[in-house]
Amino acid sequence: MYTATSAIVLPTTTVGSLPRPGWYTENLGRRSFREAMVDRSYREQYLDAASVHLRDQEVAGLDILTDGDCRFDADVGGHNWFSFAPIRMDGFSGAFAYKKEGGRAGFVHPRGHILHDILEARVMPDLVGPVGRGTLQYTAIWKAAQRLTTRPVKFGTITPELIAMAVRDLHYKDLRTAILAISEALHEELVELVEAGCQVIQMEEPQIHLVAAKGLTDNVLNPDFMVEVFNNTVRGLRSKAEIWCHTCWGNPGAQRIFNTQPSYAPAIEALNRVDADVITFETCSSGGMDLEAIGRGIKDKKVAIGVVDHHTLQVETPDQVADMVRRALQHIPKEQLVLTTDCGMGREGMSRRHAFHKMVSIVQGTNLVRRELGVPEALCLAADERLSLVESH
């Protein structure tokens, strides 16, 4: 159900994470969100951080907002994006360091490579019993942000297969079974979130495009099973909320994990079968090489393309953004197109100022195209010359 994008031509947003304010020094740790919000210092810093994330997006002029993922701790390479859920879900216990063997997901890099730091910081619990939703408390986290703005706040969650692939399974001892158990627990959590009124849920990094690009075809890591897992996790949700499927090519510490940019082409058919309203694609960093294939293959869903690159501190100009939008419109109808970032811009990626101006460029560039199409433009306070501190004469 198009609850957030239905009334907007070329809606704008970001994938999710934004750089932490320097003064935001509190961490959630292993506490539940509700428990931590009893802590006066944490509550004040958390709500202030969520507020500035939301306000920056409003000033930039984005249509759909996020809380900047400010529930995640300040850690190496955004590790808490992986560990937040299993730390809090039933069935997981302990804290064990990454090993090359033993069921851990990840790329192995030698010491001296920046991504080696990511692996050294990969400390995860083991799967030791039946999986349950535990104290994820997604609804409370979303409410804390949504009550700070009138614009829809998109809530993102890691997908079941990534949790299962990142831990040692000492209970089910079968990857397929573990993934489906986690899928059921996440589904229960997301049902509550939708019932509370969340308009947009983003499933982050289903492995459909990655297993397709790698040509994996075993009984678990194959596109068909990954689609099954996605659809099971979100079943029934589209009747009340807009479901997004976020795909990118990895973002640990804003680093590329592939030497050569992969193509989405092998995954388009499978992605067209996910039970989602919007699919996001990382297109800016690839120079838009898959736009034609995406437009040709994705027909009954909206397509969100990345028009700014999270890997680089160079802020794209509005003209560069507008050019990418125009190229996309050659293959994707304007009613079907959404503009976003390639991936998140937080977790050691860049400064707040860089991220803010990339968001401003998204809106300014999209406004250039909206003007050409004769459709309403978004208010971008950040670009209002009347509010500049530079004297006009």
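The values are calculated or read from the model by the stated rules, or taken from the named source; none is laboratory data. Please read all numbers here as calculations on a predicted model, not as lab measurements. So basically every Cβ, Gly included, is an ideal-geometry build from the backbone, and we count neighbours across all protein chains shown.
Going residue by residue through segment 207-218, is there one that turns out to be in a helix (DSSP H, G or I), over 21 Å from the mean Cα position of the chain (by Cα) and modelled with pLDDT of 95 or more? Walk me through it before giving the result.
First, the residues of segment 207-218 that are in a helix (DSSP H, G or I): 208-214.
Now drop any that are not over 21 Å from the mean Cα position of the chain (by Cα), which leaves 214.
Filter once more, keeping what is modelled with pLDDT of 95 or more: none.
The answer is no; no qualifying residue exists.
Among the residues in segment 311-318, are any under 18 Å from the mean Cα position of the chain (by Cα), crowded, with 21+ Cβ neighbours inside 10 Å, polar (S, T, N, Q) and more than 18 Å from Gln207 (Cα to Cα)? Explain how you work it out, then say what you get.
Quick first cut of segment 311-318, residues under 18 Å from the mean Cα position of the chain (by Cα) only: 311-312.
Pick out the ones that are also crowded, with 21+ Cβ neighbours inside 10 Å and you get none.
Scanning segment 311-318 turns up no residue that is under 18 Å from the mean Cα position of the chain (by Cα), crowded, with 21+ Cβ neighbours inside 10 Å, polar (S, T, N, Q) and more than 18 Å from Gln207 (Cα to Cα).
Just one of (1) closer than 24 Å to Met345 by Cβ; (2) of a type outside the set (Lys, Arg); (3) part of a helix (DSSP H, G or I) trips up Asn232, so point out which.
If we test Asn232 against (1) closer than 24 Å to Met345 by Cβ; (2) of a type outside the set (Lys, Arg); (3) part of a helix (DSSP H, G or I), just (1) comes out false.
Identify the residue in segment 250-290 that is part of a loop (DSSP other than H, G, I, E, B) and of a type in the set (Gly, Ala, Ser) and, among all such residues, is surrounded by the most Cβ atoms within 10 Å (Cβ to Cβ). Even if it seems obvious, please write down each step before you answer.
In the first step, residues of segment 250-290 are kept if they are part of a loop (DSSP other than H, G, I, E, B); the result is 250-251, 255-264, 272-277, 282-290.
Next, from what is left, pick out any that are of a type in the set (Gly, Ala, Ser): 250, 263, 276, 285-288.
Values: Gly250: 15, Ser263: 15, Ala276: 25, Ser285: 19, Ser286: 18, Gly287: 12, Gly288: 19.
Here the answer is Ala276.
How many residues are in contact (Cβ under 8 Å) with a residue 40 or more places away in the chain and in contact with a Gly (Cβ under 7 Å, 6 or more places away or on another chain) if we restrict to segment 119-153?
Residues meeting the conditions: 10.
With the structure loaded, tell me whether Phe225 is part of a helix (DSSP H, G or I) and closer than 27 Å to His79 by Cα or whether it fails that test. If you could, list the steps in order and put the result at the bottom.
On the way: part of a helix (DSSP H, G or I): yes; closer than 27 Å to His79 by Cα: yes.
Against the criterion (part of a helix (DSSP H, G or I) and closer than 27 Å to His79 by Cα), Phe225 qualifies.
Just give me the residues in segment 149-165 being surrounded by fewer than 22 Cβ atoms within 10 Å (Cβ to Cβ) and among the hydrophobic types (A, V, I, L, M, F, W, C), in sequence order.
Ile158, Leu162, Met165 - these are the residues of segment 149-165 that are surrounded by fewer than 22 Cβ atoms within 10 Å (Cβ to Cβ) and among the hydrophobic types (A, V, I, L, M, F, W, C).
Conditions (1) charged (D, E, K, R); (2) more than 25 Å from Val211 (Cβ to Cβ), marked per residue:
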{"position": "Gly77", "(1), (2)": "no, no"}
{"position": "Phe82", "(1), (2)": "no, no"}
{"position": "Ile87", "(1), (2)": "no, yes"}
{"position": "Gly91", "(1), (2)": "no, no"}
{"position": "Lys99", "(1), (2)": "yes, no"}
{"position": "Met124", "(1), (2)": "no, no"}
{"position": "Pro130", "(1), (2)": "no, yes"}
{"position": "Arg151", "(1), (2)": "yes, yes"}
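Do any helices (runs of 4 or more DSSP H) entirely within segment 14-117 hold 2 or more residues that are over 21 Å from Gln146 (Cα atoms) and touching a residue at least 24 places away in the same chain (Cβ under 8 Å), and if so, which? Spell out the reasoning first.
Working: elements: 33-36, 40-60, 80-88.
Of the helices (runs of 4 or more DSSP H) lying wholly inside segment 14-117, those with at least 2 residues that are over 21 Å from Gln146 (Cα atoms) and touching a residue at least 24 places away in the same chain (Cβ under 8 Å) span 80-88.
Test Thr177 against the stated conditions and say whether it is surrounded by fewer than 20 Cβ atoms within 10 Å (Cβ to Cβ), modelled with pLDDT of 95 or more and assigned to a helix (DSSP H, G or I).
Details: surrounded by fewer than 20 Cβ atoms within 10 Å (Cβ to Cβ): yes; modelled with pLDDT of 95 or more: yes; assigned to a helix (DSSP H, G or I): yes.
Considered against the rule, which asks whether it is surrounded by fewer than 20 Cβ atoms within 10 Å (Cβ to Cβ), modelled with pLDDT of 95 or more and assigned to a helix (DSSP H, G or I), Thr177 comes out as yes.
Name the residue that is farthest from Cys248 (Cα to Cα), counting only residues in segment 268-310 that are among the β-branched types (Val, Ile, Thr) and under 14 Å from the mean Cα position of the chain (by Cα). Spell out the reasoning first.
Initial filter on segment 268-310 (among the β-branched types (Val, Ile, Thr)): 268, 274, 278-280, 283, 294, 298, 303, 305, 307-308.
Now drop any that are not under 14 Å from the mean Cα position of the chain (by Cα), which leaves 278-280, 305.
Details: Val278: 14, Ile279: 11, Thr280: 8, Ile305: 10 Å.
If we take residues in segment 268-310 being among the β-branched types (Val, Ile, Thr) and under 14 Å from the mean Cα position of the chain (by Cα), then Val278 is farthest from Cys248 (Cα to Cα).
Residues checked against (1) among the aliphatic types (A, V, I, L, M); (2) modelled with pLDDT under 95; (3) within 24 Å of the chain's Cα centre (by Cα):
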residue: His79; (1), (2), (3): no, yes, yes
residue: Tyr98; (1), (2), (3): no, yes, yes
residue: Arg104; (1), (2), (3): no, yes, yes
residue: His109; (1), (2), (3): no, yes, no
residue: Ile114; (1), (2), (3): yes, yes, yes
residue: Glu120; (1), (2), (3): no, yes, yes
residue: Val131; (1), (2), (3): yes, no, yes
residue: Arg151; (1), (2), (3): no, no, yes
residue: Glu161; (1), (2), (3): no, no, yes
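Kindly check whether there is at least one residue in segment 291-306 that is part of a loop (DSSP other than H, G, I, E, B), touching a helix residue (DSSP H, G or I) at 6+ places or on another chain (Cβ under 6 Å) and in contact (Cβ under 8 Å) with a residue 60 or more places away in the chain.
no
Mind listing whichever residues of segment 318-350 are over 12 Å from Ser17 (Cα atoms) and part of a loop (DSSP other than H, G, I, E, B)?
Gln330, His331, Ile332, Pro333 - these are the residues of segment 318-350 that are over 12 Å from Ser17 (Cα atoms) and part of a loop (DSSP other than H, G, I, E, B).
Name, by its number, the condition in (1) farther than 23 Å from Gly288 by Cβ; (2) part of a loop (DSSP other than H, G, I, E, B) that does not hold for Ala382.
Status for Ala382: all satisfied but (2).
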